[in-house]
Amino acid sequence: MKKLSILFLFVFIGLSTKAQTADELKKEQAPKKAKIAKLQGEVNALQAKIDALPGWRKGAFGTIGGNISGFNNWYSKGTPNSSAGNIGITFNGFANLIEDDFFWRNSLNINLGWVKLDDKDISTDSGSFESATDVFNISSLYGKRLNKKWAVSALGEYRTTILDNFNDPGFLDLGVGFTWTPINNLVVVIHPANYNFVFSSGSNVYSSSAGAKIVADYSTSIKAFKLKSNLSMFQSYKDGDLSNWTWTNSLGYTLWKGIGVGFELGLRKNKQEALNNALATNPLATFSSVDNKLQSYWLFGMSYNF
């Protein structure tokens, strides 16, 4: 009994010593954490000053998402012998030259997606991946500063598809006006003098026209997060049916060495595209009869920061 009591005493002393050591380590750790936080604040302040210096700013991040599945004799499905999959890729890049008296901002957005549903019991069924999402948008904005927040500017913006029907349709905006930069991360373009060129082969649905162009672009990085949001609007002076807008939002979160998770959401309204699509099934469709539904796409998957 005496030996058992001594054993319990040693165990208790050992546990107490371990707990005491942990407490001492935590006390020693606390001021070091505070010091790191202070240094990080100083680093962030220095980085903000670096970002405000004249010169080029370049960066990019993208997202890859996808899945592949196969079924053999899975009778609970409508297609018991089949394979399916989808793959999506997005890329957002920018190269901006910021000087004291002018700026030149360039951006590129690409979103490509492929899907496959192969019914092995149907010999005529396609077993290949077919294009689904197909977005290509590039823009260039030059501005001559009037002051720190306002500039006289010129914008060129082009968007089309690259997997199917390249430049059919293609939309090119060229215009001049003013650009407002209230903060470093926000750019608002207001161009009352703009022409929207629409390129198309064999379709009389699409029409070019003059109008006003408004673009709002916001991008920021907060620790491991990257966010980019771009709203591009064209208001036709000729006919409201020729107006359009596109809003894309990209979010990336870095987990390890540039690798993380990403999400992109795109929204669009374009009555010319809606009518062109409706005419494929209804040759009598018109601008007044077509239902200009909200277009959308989204992608979630792995991301990488360049």
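Can you tell me which condition Asn72 does not meet? The list is (1) exposed (fewer than 15 other Cβ atoms within 10 Å of the Cβ); (2) modelled with pLDDT of 80 or more; (3) under 31 Å from the mean Cα position of the chain (by Cα); (4) polar (S, T, N, Q), and all the others hold.
(3)
Does segment 201-260 hold any residues that are over 13 Å from the mean Cα position of the chain (by Cα) and among the basic types (Lys, Arg), and which are they?
Hits for segment 201-260 are Lys213, Lys223, Lys238, Lys257.
Within segment 103-121, restricting attention to residues that are crowded, with 16+ Cβ neighbours inside 10 Å and of a type in the set (Asp, Glu), which residue is farthest from Val152 (Cα to Cα)?
This residue is Asp119.
With respect to Thr281, determine if the residue is among the polar types (S, T, N, Q) and touching a Leu at 6+ places or on another chain (Cβ under 8 Å). Spell out how you get there, then give the answer.
Details: among the polar types (S, T, N, Q): yes; touching a Leu at 6+ places or on another chain (Cβ under 8 Å): no.
The answer is no for Thr281.
Just name the residue that is surrounded by the fewest Cβ atoms within 10 Å (Cβ to Cβ) out of those in segment 183-222 that are of a type in the set (Ser, Thr, Tyr) and under 18 Å from Gln272 (Cα atoms). Full working, then the answer.
Taking segment 183-222 and keeping what is of a type in the set (Ser, Thr, Tyr), we get 195, 200-201, 203, 206-209, 218-221.
Next cut, under 18 Å from Gln272 (Cα atoms) only: 195, 200-201, 203, 206-209.
Working: Tyr195: 14, Ser200: 18, Ser201: 9, Ser203: 14, Tyr206: 19, Ser207: 15, Ser208: 15, Ser209: 18.
Across segment 183-222, the extreme among qualifying residues is Ser201.
Is it the case, given these coordinates, that Val198 is more than 21 Å from the chain's Cα centre (by Cα), in contact (Cβ under 8 Å) with a residue 40 or more places away in the chain and not in a loop (DSSP other than H, G, I, E, B)? It would help to see each step written out before you state the result.
Values: more than 21 Å from the chain's Cα centre (by Cα): yes; in contact (Cβ under 8 Å) with a residue 40 or more places away in the chain: yes; not in a loop (DSSP other than H, G, I, E, B): yes.
Yes: the conditions hold for Val198.
Return the total of residues in segment 240-290 being under 30 Å from Ile64 (Cβ atoms) and not hydrophobic (A, V, I, L, M, F, W, C).
19
Is it true that some residue in segment 88-95 is at pLDDT 75 or above, surrounded by fewer than 16 Cβ atoms within 10 Å (Cβ to Cβ) and within 30 Å of Leu299 (Cβ to Cβ)?
First pass over segment 88-95, keeping only residues at pLDDT 75 or above: 88-95.
If we keep only those that are surrounded by fewer than 16 Cβ atoms within 10 Å (Cβ to Cβ) too, we end up with 95.
Applying the additional criterion that residues be within 30 Å of Leu299 (Cβ to Cβ) yields 95.
There is at least one residue in segment 88-95 that is at pLDDT 75 or above, surrounded by fewer than 16 Cβ atoms within 10 Å (Cβ to Cβ) and within 30 Å of Leu299 (Cβ to Cβ).
For segment 168-182, how many residues are in a loop (DSSP other than H, G, I, E, B) and surrounded by 15 or more Cβ atoms within 10 Å (Cβ to Cβ)?
Here is the first cut: in segment 168-182, the residues in a loop (DSSP other than H, G, I, E, B) are 168-169.
This time we only want the ones that are surrounded by 15 or more Cβ atoms within 10 Å (Cβ to Cβ), so: 169.
Residues meeting the conditions: 1.
Can you tell me which residue among Asn249, Asn244 is in the same structural domain as Ala212 (by TED's automatic domain parsing), closer than 15 Å to Ile214 by Cβ and surrounded by 15 or more Cβ atoms within 10 Å (Cβ to Cβ)?
Working: Asn249 fails: closer than 15 Å to Ile214 by Cβ.
Result of the check over Asn249, Asn244: Asn244.
Among the residues of segment 97-108, are any modelled with pLDDT of 90 or more, within 12 Å of the chain's Cα centre (by Cα) and under 28 Å from Trp298 (Cβ atoms)?
Checking segment 97-108: at least one residue is modelled with pLDDT of 90 or more, within 12 Å of the chain's Cα centre (by Cα) and under 28 Å from Trp298 (Cβ atoms).
When you scan segment 152-174, how many residues do you find that are more than 16 Å from Leu112 (Cα to Cα), within 18 Å of the chain's Cα centre (by Cα) and free of Cβ contacts under 8 Å to residues at least 40 places away in the same chain?
Applying the first criterion (more than 16 Å from Leu112 (Cα to Cα)) to segment 152-174 yields 152-158, 168-174.
In the following step, the residues that additionally are within 18 Å of the chain's Cα centre (by Cα) were identified as 157-158.
Imposing the further condition that a residue be free of Cβ contacts under 8 Å to residues at least 40 places away in the same chain reduces the set to 158.
The total comes to 1.
The values are calculated or read from the model by the stated rules, or taken from the named source; none is laboratory data. Because the structure is a prediction, the values reported are computed rather than measured. All Cβ positions, glycine included, derive from the backbone under ideal geometry; neighbour counts span all protein chains shown.
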